[in-house]
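Asker: The structure that follows is given in the form of structure tokens.
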Amino acid sequence: MHAYKELIVWQKSMQLAKLIYELTNRFPSHELYGLCSQMRRCSVSVPSNIAEGSGRQSKKEFQQFLSIAMGSATELETQILLARNLSYVDEKAVQFVLGLVDEVQKMLYHLVKKLRE
């Protein structure tokens with residue numbers, strides 16, 4: 001249906017996933033199977049759902065996968081805030097990552113809105 005690799009929201013969400021992997025590399029080792037793993041899975045879920053949805057046969061199906069991507073982005077936002085509260089991430093990094101999450105969320109919202117028209 002769509003060439004997902006050409007979608008800016010997919011490209012930005014891939015950047016976000018890479019950034020989350022880099023950020024979580026600095027987490028304490030005891031978080032490897034906890035918050036670190038959860039944040040990585042959420043971040044990968046965003047571009048993965050965009051890609052999977054783009055390969056579906058209808059706009060409605062694509063919208064559903066974009067909705068799932070939005071949920072993952074929102075979940076990731078919560079986990080970033082928790083990582084900050086646990087002092088795993090400094091405030092400058094948090095603000096940068098949250099800015100990218102916000103950008104991806106807005107792009108997802110607008111893409112869903114466009115598909116509904």
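The values are calculated or read from the model by the stated rules, or taken from the named source; none is laboratory data. In this text the structure is predicted, and so the values were computed from the model without any measurement. In this analysis, Cβ positions are derived from the backbone assuming ideal geometry, glycine residues included, and neighbour counts consider all displayed protein chains. Please note that ligands, DNA and RNA were not included when accessible areas were found on the heavy atoms of the full protein model with its side chains. Shrake-Rupley method; radii C 1.70, N 1.55, O 1.52, S 1.80 Å.
Asker: Counting Lys and Arg as +1 and Asp and Glu as -1, each charge on the Cβ, what is the dipole of the chain about the Cα centre in debye, to the nearest 20? Mind showing how you got there, number by number?
Answerer: Numbers: 15 positive and 12 negative charges, 72 e Å.
Charge dipole of the chain: 340 debye, to the nearest 20.
Asker: Test of the criteria: in the range 1-67, which chymotrypsin sites (Phe, Trp or Tyr not before Pro) are in a DSSP loop and have at most 10 other Cβ atoms within 10 angstrom of their Cβ?
Answerer: Details: sites: Y4, W10, Y21, Y33, F62, F65; in loops: Y33.
Taking the range 1-67 and a limit of 10 other Cβ atoms within 10 Å, the loop chymotrypsin sites (Phe, Trp or Tyr not before Pro) found are Y33.
Asker: Next question. Here is the link list: K5/K114; K59/K113; K18/K113; K18/K60. Which ones come out longer than 21 Å on Cα distance? Can you show the working numbers first?
Answerer: Working: K5/K114 18 Å; K59/K113 11 Å; K18/K113 27 Å; K18/K60 29 Å.
Long pairs (Cα-Cα over 21 Å): K18/K113; K18/K60.
Asker: Once you sort the root eigenvalues of the Cα gyration tensor of the range 75-117 as a ≥ b ≥ c, which label holds: rounded (a/c under 1.5), prolate (a/b larger than b/c) or oblate (the other case)? Please list the in-between numbers first.
Answerer: Details: a/c = 7.05, a/b = 2.88, b/c = 2.44.
Here the range 75-117 falls in the prolate category.
Asker: Of C42, G53, L23, which is farthest on the positive side of the dipole of the chain, counting Cα position, with +1 on Lys and Arg Cβ, -1 on Asp and Glu Cβ, and the Cα centre as origin?
Answerer: The Cα lying farthest towards the positive end belongs to G53.
Asker: If you take the charge dipole of the range 1-89 about its Cα centre, with +1 on Lys and Arg Cβ and -1 on Asp and Glu Cβ, which of M70, M14, L82 is farthest toward its positive end?
Answerer: M14
Asker: A further question on this structure: How many Å² of accessible area per residue for the range 1-109, probe 1.4 Å? Before the final figure, lay out each step's value.
Answerer: On the way: 6030 Å² over 109 residues.
Computed with neighbouring chains in place, this is 55 Å² per residue.
Asker: Can you tell me the Rg and the Dmax, both Å, for the Cα atoms in the chain?
Answerer: Every Cα atom of the chain included, Rg and Dmax give 14.5, 47 Å.
Asker: If you fit an axis through the alpha-carbon atoms of helix 59-85 and take the longest principal axis of the Cα set of the chain, what angle between them do you get, 0 to 90°, nearest 10?
Answerer: Rounded to the nearest ten degrees, it is 10.
Asker: Could you state the angle between the C-alpha long axis of helix 35-54 and the longest principal axis of the C-alpha atoms of the chain, as a value from 0 to 90 degrees rounded to the nearest 10?
Answerer: That works out to roughly 10 degrees.
Asker: Using a cut-off of 11 Å between beta-carbons, work out the net charge of the residues near L115 (Lys and Arg +1, Asp and Glu -1, L115 not included).
Answerer: Its environment carries a net charge of +3.
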